[in-house]
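These notes concern the structure reproduced below.
The values are calculated or read from the model by the stated rules, or taken from the named source; none is laboratory data. Everything quoted here is computed from the prediction, not taken from an experiment. Quick reminder, even Gly has a Cβ in these numbers, built from the backbone with ideal geometry, and neighbours come from all protein chains shown. These accessible areas exclude ligands, DNA and RNA; they are computed on the full protein's heavy atoms, side chains included. Shrake-Rupley method; radii C 1.70, N 1.55, O 1.52, S 1.80 Å.
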Amino acid sequence: MTAGKRRQPSLAQLRAFAAVAEHLHFRDAAAAIGMSQPALSGAVSALEETLGVTLLERTTRKVLLSPAGERLAVRAKAVLAEVAALMEEAEAVRAPFTGALRLGVIPTVAPYLLPTVLRLVHDRYPPLDLQVHEEQTASLVEGLTTGRLDLLLLAVPLGVPGIAELPLFDEDFVLVTPLDHRLGGREGIPREALRELNLLLLDEGHCLRDQALDICREAGRGIKGAGRSPSVEGGGGRREGAPVTTTAAGLSTLVQLVAGGLGCTLLPRTALKLETTRSSQLLTGYFAHPAPTRRVALAMRTGAARGAEYEELAAALREALRPLPVRVVGADS
């Protein structure tokens, strides 16, 4: 059979193979794409026959990608992403702000901004089927670049090629302390005060943890080690504060650790009201100008078919977010 007459793989075959390549398990792959396991196995076998190569190495215990499978899995995912983009563009042309919008949100933003986002979508874009996925930054970026997600709401900058950022606002960090802490309730706290604090952080993988560590570095507090519990040192090599040995998976737990007297933490202003009203054992300190800040934005694939919709949504969100303790920024910031 000549190359020109060779059969073409079907999208179902490519989808089945991509799922197996991701999960390396037939049952999990079948569940992920809503296909029966026999049908999925048959689709992958048919794809191998169509392409004339062995994609998988099957054993009684596990599934492995062959060298050819490793190479072609990347192509299969790219083809599926392009098909999804084609459907997305057709949907956008047909009727803007309709159909599904898969929004990824980081955990340190979701509880504090989603009420505003959901209310805006409900009031202004009722035909839009908003689907929310809360994940850490690395997972969200992977989801956006592979087409699993359409739009992200997270802290920036990301610095990832192929992703465009639509800035929404800047917000200050504040210092949350136990009741008896000397900095509790103070204003005009110099950043240098962070050199001497026992600072509690989120687990690795949270961008807010990285931002807190960056703030500490800027204040002259050295951070040694990239592991789960890095040691924290002051300038000149003199040990100040305690090693970061206590971490938490979420801000709510972090604040409760502070209330229990285990240390202090940094919170973004949007999280302050919700998290600190749960305990009477906390005080809030405010940094001197300019306070440490973070920027929150929407992020989309560069050249996304629905880019104009996302930019309109970003503009609407900026207005809706003005009542919050943030500084709204323009699209050109």
**OP:** Hey, can you tell me all the residues within segment 171-205 that are surrounded by fewer than 16 Cβ atoms within 10 Å (Cβ to Cβ) and among the small types (Gly, Ala, Ser)?
**Re:** 185, 188, 205
Original post:
In segment 229-250, how many are at pLDDT below 50, in a strand (DSSP E or B) and open to solvent by less than 10 Å² (accessible area, probe 1.4 Å)?
Top reply: 1
Subject >> Test: residue in segment 251-260 that is in contact with a helix residue (DSSP H, G or I) (Cβ under 8 Å, 6 or more places away or on another chain) and either β-branched (Val, Ile, Thr) or at pLDDT below 85 (or both) >> reply: yes
**OP:** Examine segment 89-98 for a residue that is in contact with a Gly (Cβ under 6 Å, 6 or more places away or on another chain) and either at negative phi or not in a helix (DSSP H, G or I) (or both), and state whether such a residue exists.
**Re:** yes
**OP:** Residues being open to solvent by 20 Å² or more (accessible area, probe 1.4 Å) and hydroxyl-bearing (Ser, Thr, Tyr): count how many of those fall in segment 113-141.
**Re:** 2
Original post:
Which one of these is open to solvent by 60 Å² or more (accessible area, probe 1.4 Å) and out of contact with any Lys or Arg (no Cβ under 6 Å at 6 or more places or on another chain): 55, 40, 47, 86?
Top reply: 86
Subject >> In segment 305-332, residue surrounded by the fewest Cβ atoms within 10 Å (Cβ to Cβ) [restricted to those that are under 19 Å from residue 157 (Cα atoms) and hydrophobic (A, V, I, L, M, F, W, C)] >> reply: 331
**OP:** Could you tell me whether residue 288 is surrounded by fewer than 18 Cβ atoms within 10 Å (Cβ to Cβ) and in contact (Cβ under 8 Å) with a residue 60 or more places away in the chain?
**Re:** yes
